[in-house]
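**Q** For reference, the structure I am asking about is given below.
We did not get these values from a lab; they are worked out from the coordinates using the rules stated. Every value quoted in this text rests on a predicted model; they were computed, and no experiment measured them. Reconstructed Cβ throughout: ideal geometry from the backbone, glycine too, with neighbour counts over all protein chains shown.
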Amino acid sequence: MNQDHPLADSPTKQAAGGLSPALTRNIDAIMERRRESARSASLEERAAAAISKFAGSMMFVYIHIVFFGLWIGINVGWLPIIPPWDPSLVVLAMEASVEAIFLSTFVLINQNRMAAEDNIRADLDLQVSLLNEHETTRLIELVSAIARKLDIHTEADEELGELERDVSPEAVMDRIADAEEKAEV
């Protein structure tokens, strides 16, 4: 497109990869926020995240297969390379139990952090949705006024009164809570 063309600086022009500049900016902002959140995490939170990530990997599974396999094989006499030190496997069971306690704690710490981030994103999503609803309502009012001025009638005229009203988030949440209470009964 010619730079002198009036649409050369249009916000709808395509950015790299076929995305609009606004979408590209939004993606960059989200990624920067995630990096900022990761940087601001405490040492304990970063450690819990790293341990949870490793514990959820196939490498963790492979290490445990080898470790537990050797421990069991040696202590029940299948692999007579080393004399058994835990023939009843009680020490192995205790070690596995302690590991499970710590792993579940690390996973819970990581999940709590992720839940807090999800709450922030949900709040942002709600704010954007409410703003969008408000702007759409205002656009409907504007288009309705133009249609009245031009004396244009459509099949949608019957619904305009409802569409021109702002939605109360409190009323919607109350209605959802009422519906949930009725569903539980």
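**Q** How many angstrom separate the Cα center of segment 88-124 from the Cα center of segment 141-185?
**A** Here the answer is 45 Å between Cα centres.
**Q** Rounded to the nearest 20 debye, what is the charge dipole size of segment 28-185 about its Cα centre when +1 sits on each Lys and Arg Cβ and -1 on each Asp and Glu Cβ?
**A** Values: 14 positive and 29 negative charges, 265 e Å.
The calculation lands at about 1280 debye.
**Q** Also: Pull out the extension gain between Arg175 and Asp118, defined as 0.36 nm times the separation in residues minus the alpha carbon to alpha carbon distance; nm, one decimal.
**A** Here the answer is 18.2 nm.
**Q** Using only helices, what value at 222 nm comes out for the chain when you add -39,500 (n - 2.57) per DSSP H run of length 4 or more and divide by the total residues, to the nearest 500 deg cm²/dmol?
**A** -24500 deg cm²/dmol
**Q** Segment 15-120: which chymotrypsin sites (Phe, Trp or Tyr not before Pro) are DSSP loop and have at most 11 other beta-carbon atoms within 10 angstrom?
**A** Sites meeting the loop and neighbour criteria: Trp78, Trp85.
**Q** Given R₀ = 35 Å, what would the calculated FRET efficiency be for Ser57 paired with Arg25, taking r from the Cβ atoms and rounding to 0.05?
**A** 0.55
**Q** Match the structure shown to one of the listed values (1) 23.3; (2) 14.3; (3) 11.1 of mean projected area of the Cα convex hull in nm², computed from it, and give that label.
**A** Read-out taken from this structure: (1).
**Q** Counting pairs of alpha carbon atoms under 8 Å apart in space and at least six apart in sequence, what relative contact order in percent does the chain give? Each step should come with its number before you reach the end.
**A** On the way: 71 pairs, mean separation 25.3, N = 185.
Normalised by residue count, the contact order of the chain is 14 percent.
**Q** What's the FRET efficiency of Phe68 with Ala47 using the Cβ-Cβ distance as r and R₀ = 30 Å, to the nearest 0.05? Please list the in-between numbers first.
**A** Values: r = 24 Å, r/R0 = 0.81.
FRET efficiency, Phe68 to Ala47: 0.80.
**Q** Would you work out which of Trp78, Gln111, Ala147 lies farthest towards the positive end of the dipole of the chain, given +1 charges on the beta-carbon of Lys and Arg and -1 on that of Asp and Glu, about the Cα centre?
**A** Trp78
**Q** Three principal axis extents, largest first, for the C-alpha atoms of segment 77-159, in Å?
**A** Between the extreme Cα coordinates on each principal axis of segment 77-159 lie 97, 24, 20 Å.
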